[in-house]
Ligand SMILES: Nc1nc2c(ncn2[C@@H]2O[C@H](COP(=O)(O)OP(=O)(O)OP(=O)(O)O)[C@@H](O)[C@H]2O)c(=O)[nH]1
Ligand SMILES: [Mg+2]
């Protein structure tokens, strides 16, 4: 592990790793981008921050590339007399149309890591063409991986976990690049057994059976079988951008998934 860690930073010919953070609104993307960037810098890595969220007001990091230089949601609202959702849809369509141009500008940003922050409304980014187009553009430049954020604070029950994993699985299918998931806000997790739920299918099934019986329970049980292969493919990483716990585990997960030797592709 240490050999891999150091060789990443001291192999000057290696292409940067582009890490794209995607997750539901408020799941902690921006805060994690900043925390991971700081962690990498502290460990000797050269990091550049990329902001692809045209709706964000302030970022806690200084972006080397900022989509807001080209357009912002606010400006589109004014110019095209749209509401915030309409303007965000328009913004995502512009991002898709100009994805090759933006990817090529991003490719000029120097660093071992390009950390890419994405819009709050991840469903617009992922399920319209902006996400897939940008991902295609980025993948032609360098190794690109998606880190999907699961807001640990919002997982109250096994069905919540299945629901959030259905979303992760849909993103994975849409974006078609190496993909890992992390549970965020580990410092304020609602369930202490989240790791076990994610790693032990029998335990997950038992807990689902304890939930309210009915059609929904049957559906969740059935669905857990479809979602489980996604869960099982990687170890569960719990991360806190506030305390910094788990950043090292997330880093090795990212490295394993982008490395030729990895089995998470
Ligand atoms: N306790 C705790 N709070 C966190 C953590 N990471 C983020 N938050 C909080 O969660 C909220 C949302 O964080 P952001 O980083 O803005 O989340 P985001 O996914 O970028 O949000 P959008 O871009 O608006 O979708 C903020 O209040 C953060 O302070 C964490 O690790 N622990
Ligand atoms: Mg954000």
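The values are calculated or read from the model by the stated rules, or taken from the named source; none is laboratory data. Small disclaimer: the values here were computed from a predicted structure and weren't measured. Cβ placement follows ideal geometry from the backbone for every residue including glycine, while neighbour counts extend to all protein chains displayed.
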Among the residues of the range 171-199, the number that are over 13 Å from the mean Cα position of the chain (by Cα) and at negative phi is 16
Considering each of 49, 70, 10 in turn, give the residue that is out of contact with any strand residue (DSSP E or B) (no Cβ under 8 Å at 6 or more places or on another chain) and either within 16 Å of ligand 2 (Cβ to nearest atom) or modelled with pLDDT of 95 or more (or both). 70
Which members of the range 114-131 meet the condition of being surrounded by fewer than 24 Cβ atoms within 10 Å (Cβ to Cβ), touching a helix residue (DSSP H, G or I) at 6+ places or on another chain (Cβ under 6 Å) and farther than 13 Å from residue 21 by Cα? 124, 128, 129
Go through the residues of the range 212-220 one by one and say whether even a single one is assigned to a helix (DSSP H, G or I) and either at pLDDT 90 or above or touching a helix residue (DSSP H, G or I) at 6+ places or on another chain (Cβ under 7 Å) (or both). yes
Taking the conditions exactly as written (more than 16 Å from ligand 2 (Cβ to nearest atom), out of contact with any strand residue (DSSP E or B) (no Cβ under 9 Å at 6 or more places or on another chain), over 24 Å from residue 168 (Cβ atoms) and at pLDDT below 95), does residue 100 satisfy them or not? yes
For the condition under 22 Å from residue 100 (Cα atoms), touching a helix residue (DSSP H, G or I) at 6+ places or on another chain (Cβ under 9 Å), in contact (Cβ under 8 Å) with a residue 12 or more places away in the chain and in a helix (DSSP H, G or I), what is the one hit in 138, 161, 167? 138
For residues that are surrounded by 15 or more Cβ atoms within 10 Å (Cβ to Cβ) and modelled with pLDDT under 90, tally how many sit in the range 173-188. 0
So how many residues does the range 94-149 have that are within 16 Å of ligand 1 (Cβ to nearest atom) and within 27 Å of residue 43 (Cα to Cα)? 8
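For every residue, the table says whether it meets (1) under 15 Å from residue 35 (Cβ atoms); (2) part of a helix (DSSP H, G or I); (3) within 16 Å of ligand 1 (Cβ to nearest atom); (4) out of contact with any helix residue (DSSP H, G or I) (no Cβ under 9 Å at 6 or more places or on another chain).
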residue	(1), (2), (3), (4)
181	no, no, yes, no
191	no, no, yes, no
205	no, yes, no, no
222	no, yes, no, yes
225	no, yes, no, no
242	yes, no, yes, no
245	yes, no, yes, no
251	yes, yes, yes, no
Can you name the residue in the range 51-84 that is more than 24 Å from residue 34 (Cβ to Cβ) and out of contact with any helix residue (DSSP H, G or I) (no Cβ under 8 Å at 6 or more places or on another chain) and, of all such residues, is surrounded by the fewest Cβ atoms within 10 Å (Cβ to Cβ)? 81
